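Let me begin by presenting the structure, written as structure tokens, before commenting on it.
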Amino acid sequence: MKFAKSVPYNITEAVHCALEQLCSTTLKNLHIQIDTHSLDVEPADQADACKFLACDEFSRCVVSGRTKEARCQCERGFLSVDGVCQSLCVLQPDYCQGGECHIVRGHGAVCRYRRLAG
């Protein structure tokens with residue numbers, strides 16, 4: 001949980017206690033166990049927007065300077081399909097039009113063509 005504005009420490013602690021109570025009630029009434037150690041309540045000015053965002057191996061977390069919202073951004077040579085970064089070489093098999101498509105980290109999709117002997 002992230003507060004939109006900075007709040008006093010006692011408010012943060014009160015919310016944490018309320019969430020722990022919610023976890024306890026959920027266990028008793030719905031038989032769903034939530035690990036109270038996984039709860040994290042932070043003031044917005046101290047929060048890490050990328051903390052709970054699970055980007056895959058072909059993406060990285062970026063934070064908007066305007067909205068402060070975090071999102072996963074695919075590396076060069078990868079496109080997001082349903083939130084998963086996939087290789088441009090796989091998604092567009094004819095990308096290199098007769099050449100071999102390879103992903104070079106930091107550069108994106110690179111086409112390699114065989115030279116004809118002659």
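Data overview
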read-out: Residues of the stretch 57-72 satisfying the condition of being open to solvent by less than 40 Å² (accessible area, probe 1.4 Å) and at pLDDT 90 or above; value: 59, 61, 62
read-out: Members of the stretch 82-118 that are over 12 Å from residue 58 (Cα atoms), touching a Phe, Trp or Tyr at 6+ places or on another chain (Cβ under 8 Å) and not in a helix (DSSP H, G or I); value: 96, 98, 99, 100, 101, 109, 111
read-out: Matching entry among 54, 14 (being in a loop (DSSP other than H, G, I, E, B), at pLDDT 70 or above and not polar (S, T, N, Q)); value: 54
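The values are calculated or read from the model by the stated rules, or taken from the named source; none is laboratory data. Keep in mind it's a predicted model, so treat the numbers as computed, not measured. Because the Cβ atoms are built from the backbone with ideal geometry, glycine has one as well, and the counts that use them run over all protein chains shown. Surface accessibility is based on the protein's heavy atoms, side chains included, excluding ligands, DNA and RNA. Shrake-Rupley method; radii C 1.70, N 1.55, O 1.52, S 1.80 Å.
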